[in-house]
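The numbers here are math on the coordinates, done by the rules we state, and not lab data. As the structure is a prediction and not an experimental result, all values here were calculated from the model. Positions of Cβ are backbone-derived with ideal geometry, glycine not excepted, and every protein chain shown enters the neighbour counts.
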């Protein structure tokens, strides 16, 4: 991400991204054996890029509860694997048919379509395997709650349902409304971000009130982030974002920016970011990076 | 399955398939909301067909340990969802490009490619969500062990790795050997069958020795089953099996039948089935259906 001013958040994001990258390198399968091409595609899809927003949320939602860094990093890596799989499949020719992602060829462009489908499938399974392993947390009740929440966030009433709504919206039989776009985005990207913000509280066996607060934070942050993304798509250049821009409009994709216009969409993102911040009021100053993240989500330029 | 002679196994398989079907109907998402098409495709891919071999293995491996039927049925349904997802993705144009499955159009033929990819993705997530739910077993250590084993069986060192090997084998750069075919099949179909046979022991908190015995049973049974499948593909008609036959040969797919010839392949399946049966020697007569299954795996005609 690029910011207008230097910030402790920028350093924290950069450091977290590096730690998550190292953890992914350790946890992803090695490129060995006859099926090395699969491991290679999984690594290509997951490593070396991205803001690691979801992983960062896991790490920072774990901080107030004194969770061991190694535990939080494994969960952060698992969420990033899940996210990476969703991007690989969304980019496929049958779906959004994208050639460029994070400034490099999409996985199916680099490895072929069949390997890309499989790499996505394997990343999803591997994310669950990482969470289930006892290295993630010694308490099996904690591990199974992480698994349960992630599986729901990834499934038909979460990410996959959202992608389905997105495809249907592009076919455009019904005029989009603020409510229909909000639901689409809540399912498609919001649920996983919500999980990431809740995961630290699960790992830390936080009181229910704080766990719910983090969940609500993730929900509002995710919504703000998505609107900011749409604003960026409409206003930024490819060089700034490392991905094709203006594509929502080209694809006739319904976004809040298209529905409300840039200014009202920006105002809504700001309102949501402020609301996200408010959810954290019962948390100590160890949640300050989460507070800063809410502010900066709407200020970023990539 | 069709058998030469009536058998208590036939009744048990039929009854189990019906119970699993009911459980799937309860556990799969309802076709409602804007994303109903996704739920519909998930149901189309999973319901109404198949031998339910994997689900049956869960039920019967649970029986010796007195596991509650409702628990075992949920796990059986989850394994069948996972299996169904793998078939949907394997059938895709970029993979095996099959139009017919269980006597009806494949999911991408019926729903389009994008929805089929998503339905597979959602089925995988949903299978994990079912296992993680406390209705599956009250002990979170049991649930997380089921999740861990299934995630490994489904991932890069399991089913996805096997499908990768299968794709590479079809491109045919290296001559197949008995060992390379064996490894391919162990990963592609064997690991999930192994899990199904082990799952009942996990649910029943069986002693390690019996759990390992069931795992070994599943491994040998899976291998026998796969060879028998290849024999069927080479000898049976479409009307008998409800899917396209002779396709291995047409696709130049390496099978043990192709490598060893029909008679030696049949002999190997018989040896593996006998070995599978031997693993059960420490189990009571409550494992008799598993014993019969080993015998009949190689006798079936569809």
Please list, short to long, the whole-number percent of alpha-carbon pairs of chain B in consecutive 10 angstrom bins beginning at zero. 6, 28, 38, 23, 5, 0
Shielding by partners, peptide B:182-193 (average Cβ within 10 angstrom, other chains): 1
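Would you work out the relative contact order for the stretch B:160-215, in percent, from Cα pairs under 8 angstrom that are 6 or more residues apart?
Details: 31 pairs, mean separation 19.6, N = 56.
For the stretch B:160-215, the relative contact order is 35 percent.
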How well do other chains shield peptide B:89-95, expressed as the mean number of their Cβ atoms within 10 Å of each residue Cβ? 5
Count, for each residue of B:159-171, the Cβ atoms from other chains sitting within 10 Å of its Cβ, then give me the mean as a whole number. 5
Which distances, shortest first and in nm, link residue B:47 to the matching position in the other copies, using label points set 7 Å out along Cα to C-beta? 4.4
How are the alpha carbon pair distances in the protein assembly as shown distributed across 20 Å bins from zero to the largest one, expressed in percent? 20, 53, 23, 3
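Go through A:83-89, B:117-123, A:33-39 and give me the packing order, highest mean Cβ count within 10 Å leading.
The most tightly packed comes first, giving B:117-123, A:83-89, A:33-39.
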Exposure proxy check on B:14, A:277: fewest-to-most Cβ neighbours within 10 Å is B:14, A:277
So, in Å, what gap is there between the alpha-carbon centers of the stretch A:80-141 and the stretch A:274-296? 30
Between copies, how far does the label point of residue A:295 sit from its twins, in nm, shortest first, when each point is 7 Å from Cα along Cα→Cβ? 7.6
The stretch A:118-217 -> Rg/Rh from Cα coords, Kirkwood Rh, value 1.06
So how do B:15, B:166, A:98 line up by other beta-carbon neighbours within 10 Å, fewest first? B:15, A:98, B:166
Return the distance in nm (one decimal) between the two label points of a simple spin-label model at residue A:267 and residue A:25, each offset 7 Å from Cα along Cα→Cβ. 4.8
Normalised by the residues of the stretch A:8-297, what does the relative contact order come to in percent, with Cα pairs under 8 Å and at least six apart? 19
State, to one decimal in nm, how far the label point of residue B:209 lies from the label point of residue A:110, with both points 7 Å from Cα in the Cβ direction. 5.0
Residue order, fewest to most beta carbons within 10 Å, for B:263, B:198, B:21, B:145: B:263, B:21, B:145, B:198
For the stretch A:1-94, the convex hull over Cα atoms projects on average to an area in nm² of 7.5
Going 7 Å from Cα along the Cα-Cβ axis for the label, what nanometre distances separate residue A:259 from the same residue across the other copies? 5.7
How far, in nm, would the chain grow between residue B:174 and residue B:15 when pulled straight, counting 0.36 nm per residue and subtracting the alpha carbon separation? 52.8 nm
